[in-house]
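The values are calculated or read from the model by the stated rules, or taken from the named source; none is laboratory data. Here the structure is a predicted model, which means the values were calculated and not measured. Counting neighbours? That spans all protein chains shown, and the Cβs are built from the backbone with ideal geometry, glycine included. Accessible surface areas use protein heavy atoms only, side chains included; no ligands, DNA or RNA. Shrake-Rupley method; radii C 1.70, N 1.55, O 1.52, S 1.80 Å.
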Amino acid sequence: MSIKSFESKVYLSSPTMHGDELKYIQQAYATNWMSTVGENINEVERIAAQKAGMQHAVALSCCTAALHLCVRCAGEELYGKSPLGHGALEGKRVFCSDMTFGATVNPVVYEGGIPIFIDTHPDSWSMDPVALEKAFELYPDVKLVVCAELYGFPGHLDQIKRICEQHGALLIEDAAEALGATLHGKQCGSFGDYCTVSYNGNKIITGSAGGCLLTNNIETANKARKLATQSKEAAPWYQHEEVGYNYRMSNVVAGVVRGQYPYLGEHIAQKKAIYERYREGFRDLPIRMNPIVEGSEPNYWLSAMTIDRAYMCEQTRSNTHATYIAKKGKSCPTQILEALAEHNAEGRPIWKPMHMQPMYLAHEFVTRNGSARQGNGTDVGADIFARGLCLPSDIKMTAEQQDRIIAIVRSCFE
Ligand SMILES: *Cc1c(COP(=O)(O)O)cnc(C)c1O
């Protein structure tokens with residue numbers, strides 16, 4: 001390939017700092033609040049709740065911890081408390097997003113729940129409301145749904161919430177990737193009964209780590225804070241009635257998050273420009289960018305693409321390896337990811353659907369047509385996984401660098 005490689009790596013999505021973060025870190029240091037208490041944490045909770053339009057935010061060590069506390073609190077609300085407090089979902093089925101990061105689903109298992117995977121909507125890449133309806137037909141006793149938005153592009157969360165209400169189920173919204181995105185003017189991270197956002201190092205804004213649980217219920221917020229600090233009871237000594245965790249956000253990390261929030265809008269604008277430049281650059285290729293649901297305003301965290309079916313060359317994936325047979329005029333994600341890596345640029349496959357993961361092969365997977373484990377259905381998730389990939393979406397990527405990325409992708413079809 002004649003396209004020049006990048007001298008310094010072009011990342012998928014790396015932290016973009018602005019200087020204010022240092023000021024708040026230094027404040028934490030100067031005032032000696034080098035712990036999981038302090039002004040930065042209070043401010044992050046205030047800003048996060050205000051941004052999402054929720055009553056309360058609880059700042060935690062990561063979004064996975066936030067999801068765990070959501071699952072634990074929802075489980076107790078639905079099924080009551082177990083003797084030690086943990087295992088709130090022991091043996092209970094939970095409907096979960098299928099095409100997402102494992103962190104969406106694993107907390108269900110921490111609490112003893114049994115994930116049932118719901119297929120993906122082809123026009124949103126999030127949970128398909130029709131498949132969710134089907135799942136309630138098959139399993140009317142299910143009382144909890146965990147739904148994630150993909151790559152910052154809101155799914156049909158309004159419909160999903162309505163379906164949950166119709167069936168008396170609670171909704172946990174994993175908005176880890178969708179901070180600042182909206183659907184019909186409403187912020188992602190405000191659709192669920194319990195919601196989460198992430199400040200992981202590669203998300204749209206970052207604290208180097210961290211996350212928030214969002215809720216409109218003061219009791220949930222108080223309970224989450226207690227569980228996150230090892231479940232200490234109000235007593236003169238360390239008194240415990242239930243199992244707790246060490247999940248609170250550090251005041252140093254909170255300083256970084258606090259410094260980043262004012263730049264969320266700017267980051268979204270830059271990510272949107274990246275997405276649009278890709279869309280323009282691929283206009284004459286058999287490529288589609290991530291779908292945008294009508295009435296939604298994504299945060300454009302990761303630009304992703306799929307190759308039209310007729311233009312896929314042969315690609316084979318085992319559990320750990322991928323191969324392909326190059327063909328003129330055609331390509332596949334494996335070829336494009338290899339070409340990007342050869343040029344010192346970072347792409348990534350689409351999240352491999354949970355129903356395809358070895359650990360979850362025995363778990364039910366429901367599509368629009370019913371149980372896919374019984375051979376029904378079209379498996380939208382497997383199809384997007386086969387034909388899709390995430391493109392370098394780093395805010396610091398220059399227009400010239402992005403043009404070169406587009407040329408690399410183009411060359412794969414030659
Ligand atoms: C990043 C991510 C998480 C986990 O966030 P952490 O803060 O790293 O724990 C959870 N769910 C989804 C969909 C994510 O993309």
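Quick notes
- Among all residues of region 301-311, there is at least one that is more than 26 Å from residue 108 (Cβ to Cβ), among the acidic types (Asp, Glu) and open to solvent by less than 80 Å² (accessible area, probe 1.4 Å).
- Sole residue being away from the ligand (no atom under 14 Å from the Cβ) and either crowded, with 22+ Cβ neighbours inside 10 Å or closer than 18 Å to residue 198 by Cβ (or both), chosen from 75, 102, 85: 75
- Residue match in region 400-414 (condition: at negative phi, at pLDDT 95 or above and under 24 Å from the mean Cα position of the chain (by Cα)): no
- Residues (aliphatic (A, V, I, L, M) and over 17 Å from residue 298 (Cβ atoms)) located in region 161-183: 163, 169, 170, 171, 172
- Verdict on residue 310 being modelled with pLDDT under 95, more than 21 Å from the chain's Cα centre (by Cα) and among the aliphatic types (A, V, I, L, M): no
- Conditions (1) buried (at least 24 other Cβ atoms within 10 Å of the Cβ); (2) without any contact (Cβ under 8 Å) to a residue 12 or more places away in the chain: number failed by residue 109: (1)
- Here the condition is being over 16 Å from residue 195 (Cα atoms), open to solvent by less than 50 Å² (accessible area, probe 1.4 Å) and either in contact with an Asp or Glu (Cβ under 8 Å, 6 or more places away or on another chain) or basic (Lys, Arg) (or both); of 131, 135, it holds for 131 alone.
- Some residue of region 228-251 being in the same structural domain as residue 80 (by TED's automatic domain parsing) and more than 30 Å from residue 80 (Cβ to Cβ): yes
- Inspection of region 21-31 identifies no residue that is in a loop (DSSP other than H, G, I, E, B) and on the phi > 0 side of the Ramachandran plot.
- Test for residue 252: is it under 16 Å from residue 48 (Cα atoms), among the β-branched types (Val, Ile, Thr) and surrounded by 13 or more Cβ atoms within 10 Å (Cβ to Cβ): no
- Within region 177-194, the residues that satisfy the criterion of being over 15 Å from residue 108 (Cβ atoms) and within 16 Å of the ligand (Cβ to nearest atom) are 177, 178, 179, 180, 181, 188, 189, 191.
- Entry remark, region 122-153: residues being more than 13 Å from residue 94 (Cβ to Cβ) and away from the ligand (no atom under 13 Å from the Cβ) number 12 in total.
- Subset of region 346-386 [closer than 26 Å to residue 273 by Cα and open to solvent by 30 Å² or more (accessible area, probe 1.4 Å)]: 346, 348, 349, 351
- Residue that is surrounded by the most Cβ atoms within 10 Å (Cβ to Cβ), among those in region 333-345 that are in contact with a Ser or Thr (Cβ under 9 Å, 6 or more places away or on another chain) and in contact (Cβ under 8 Å) with a residue 40 or more places away in the chain: 333
- Selection status of residue 165, within 16 Å of the ligand (Cβ to nearest atom) and under 30 Å from residue 139 (Cα atoms): no
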